[in-house]
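Have a look at the structure below, then the notes.
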Amino acid sequence: MPSSSASTPQTGSQSLRVLAHPLRSRLLARLRVHGPGTATELAEALGTNSGATSYHLRILEESGRVRDTGTGTGRRRVWEAVALPARESAEPDADADETAAARWLEYDLVQYVAERTDRWIEQQDGWPTPWRTACGLDDHDVLVTTEQLSAMAEELAEVLQRYRRVGAGSPGARRVAVYTTVLPVDPAPRTA
């Protein structure tokens, strides 16, 4: 039977503290990218033990980040990720611990993206030319106002949402990860 604990992911400082743990962030990323799995399967994939994995999955479940699918048998629970909010970040009035947790999550995501990008670079020759052409790194410089930046971010999110399941049922469809990083090039404006 699926768990009925937190159905909506927590946000704010409690969520940041739950997610600011290396194994928990990796478990959540693994479930988001590869789909449902048991503690044993996840432990094997992440090079840890099933006891630690089970413990951290329960913490993620309590915070509403993962849930039991109800498809397992006996003690063999099958876990899946719950949809995440767009971005985890500390509130402007956050305390030092919350700010540190948010910063750790940002650095952890950068490391994770770098590892996945390294893997793509090493494995890209095994993919057909159209995939090699469309995948990989790209950068674009744009000049925008604050309002235009917000509109651009919303449009990119809408495009990605539109393509989330468009390939479902197609034998040639493959999952891809799209990471967006919007960073200012110019120095920060001075505040009075």
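No lab work stands behind these numbers, since they all come straight from the coordinates. It should be emphasised that the depicted structure is a prediction, and the values quoted were computed from it without experimental measurement. Methodologically, a virtual Cβ is constructed for each residue, glycine included, from the backbone with ideal geometry; neighbour enumeration extends over all protein chains shown.
Show that you can apply the helix-only estimate: for the chain, add -39,500 (n - 2.57) for every DSSP H stretch of four or more residues, divide by all residues, and state [θ] at 222 nm to the nearest 500.
Value at 222 nm, helices only, nearest 500: -15500 deg cm²/dmol.
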- Task: Quantify how much of the Cα-Cα distance distribution of region 100-192 extends past 22 Å, in percent.
- Result: 50 percent
- Query: If Lys and Arg each add +1 and Asp and Glu each add -1, what is the summed charge of the other residues whose beta carbon sits under 12 Å from the beta carbon of residue 40?
  - Reply: +1
- Message: Just want the ordering: 68, 138, from fewest to most Cβ atoms lying within 10 Å of their own Cβ.
- Response: 138, 68
- Task: Within the set of other residues whose C-beta is less than 14 Å from the C-beta of residue 127, count the net charge using Lys and Arg as +1 and Asp and Glu as -1.
- Result: +2
- Of (1) 26, 18, 17; (2) 47, 13, 12; (3) 30, 25, 16, which one was derived for semi-axes √(5λ) of the Cα gyration tensor in Å from the structure shown? (3)
- Query: Given H placed 1.01 Å from N in the peptide plane, which residues other than close sequence neighbours of residue 38 have an amide H under 5 Å from its amide H?
  - Reply: 79
- Task: Convert 4 °C to kelvin, take the viscosity as 1.567 mPa s, use the Kirkwood radius over C-alpha pairs of region 14-81 as Rh, and evaluate the Stokes-Einstein diffusion coefficient in µm²/s, rounded to a whole number.
- Result: 111 µm²/s
- Message: With a cut-off of 8 Å between alpha carbons and a minimum separation of six or more residues, what is the relative contact order of the chain in percent?
- Response: 21 percent
- Message: Semi-axes of the equivalent ellipsoid for region 129-175, please: Cα gyration tensor eigenvalues, times 5, square-rooted, ordered largest first, whole Å.
- Response: 28, 16, 5
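By counting other Cβ atoms within 10 Å of each Cβ, how are 30, 162 ranked from fewest to most?
162, 30
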